[in-house]
Amino acid sequence: MSLLTRLLHTSLRCSSSRKSTHPSADRNSQPIADALVAQVDKNTPNLQLLEIASGSGQHAGFLAPFLPNISIQPTENAREMFSSISAYAADCVTGNIRAPLHVDITEEPGRWEAPPQAASYDYMFNSNMMHISPWSCSVGLFRAAGVLLKKGGKMFTYGPYAQDGVLQPQSNVDFDRSLRQRNPSWGVRDIKDLKDLATENGLRLEKLVEMPSNNKFLTWLKL
């Protein structure tokens, strides 16, 4: 049995009544881990990863055992999710998930409840936020990356995206329509628009990985 498999099995044995789980995170956690772990430094100690919009904490709980040299800082705007995030942190076999912090990503980092220092993070991670939040959240995400990532640091984002005005397949078109019907400020974002945000904040798109279920894993490099 491989080390990653043993860690996964150990993680699955941990449990807490406070944990929230989502079927989509159950499905995409392993592909996300595969894409992310392949692009980070796994040898340098005491690296720092900031997760924006941690939700239930499921992704942090899954990723952390694969990244024992990286301390994960979860954040969330919805304080009611803190107990679930903390439960994943408490059960983490490698002990490298910090207590969650409250972050409204539409605010500049200097106005966050616990303002971080500039250029203090090696990595950032954001999953499935941009299409179910107003555009201002995407603006704030890239602004934060421009401020908080070290030179050469990377931000990883995951979800459905259009590319140069084209959204495929039809299931993503239908999904985008349903999102906009629920909230006109939501919707699947176009990578070309995100590239503009990246340029404005000193980043560029370094890599695009096609993922299961018509999602994409994007790597943004801090220049």
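Values in this text are rule-based calculations from the coordinates and carry no lab data. Since the structure is predicted, the reported quantities are computational estimates derived from the model, not experimental observations. For neighbour counting, all protein chains shown are included, and Cβ atoms are generated from backbone atoms with ideal geometry for every residue, glycine included.
With the condition kept exactly as written, say whether any residue in the stretch 140-153 is in contact with an Asp or Glu (Cβ under 9 Å, 6 or more places away or on another chain) and surrounded by fewer than 17 Cβ atoms within 10 Å (Cβ to Cβ). Yes - at least one qualifying residue is present in the stretch 140-153. The combined condition, being surrounded by 21 or more Cβ atoms within 10 Å (Cβ to Cβ) and under 25 Å from P160 (Cα atoms), is not fulfilled by N128. Residue count for the stretch 46-69, restricted to those that are without any contact (Cβ under 8 Å) to a residue 40 or more places away in the chain, closer than 12 Å to N96 by Cα and out of contact with any strand residue (DSSP E or B) (no Cβ under 9 Å at 6 or more places or on another chain): 1. From the list S178, S171, the one residue that fits, being surrounded by fewer than 17 Cβ atoms within 10 Å (Cβ to Cβ) and either at positive phi or in contact (Cβ under 8 Å) with a residue 40 or more places away in the chain (or both), is S171.
Scanning the stretch 74-98 for residues that are in contact with a helix residue (DSSP H, G or I) (Cβ under 6 Å, 6 or more places away or on another chain), surrounded by fewer than 18 Cβ atoms within 10 Å (Cβ to Cβ) and among the aliphatic types (A, V, I, L, M) yields a count of 1.
Among the residues making up the stretch 109-129, those that are farther than 17 Å from K151 by Cβ, in contact (Cβ under 8 Å) with a residue 60 or more places away in the chain and not in a loop (DSSP other than H, G, I, E, B) are F125, N126, S127.
Filter the stretch 25-79 for residues that are of a type in the set (S, T, Y) and farther than 24 Å from P160 by Cβ; which is farthest from the chain's Cα centre (by Cα)? Checking each candidate, the answer is T44.
Of D174, D164, all but one fail to be out of contact with any Cys (no Cβ under 7 Å at 6 or more places or on another chain) and within 19 Å of L208 (Cβ to Cβ); the exception is D164.
Go through the stretch 132-159 and give me each residue that's hydroxyl-bearing (S, T, Y) and either assigned to a strand (DSSP E or B) or more than 19 Å from N215 (Cα to Cα) (or both). Result: S136, T157, Y158.
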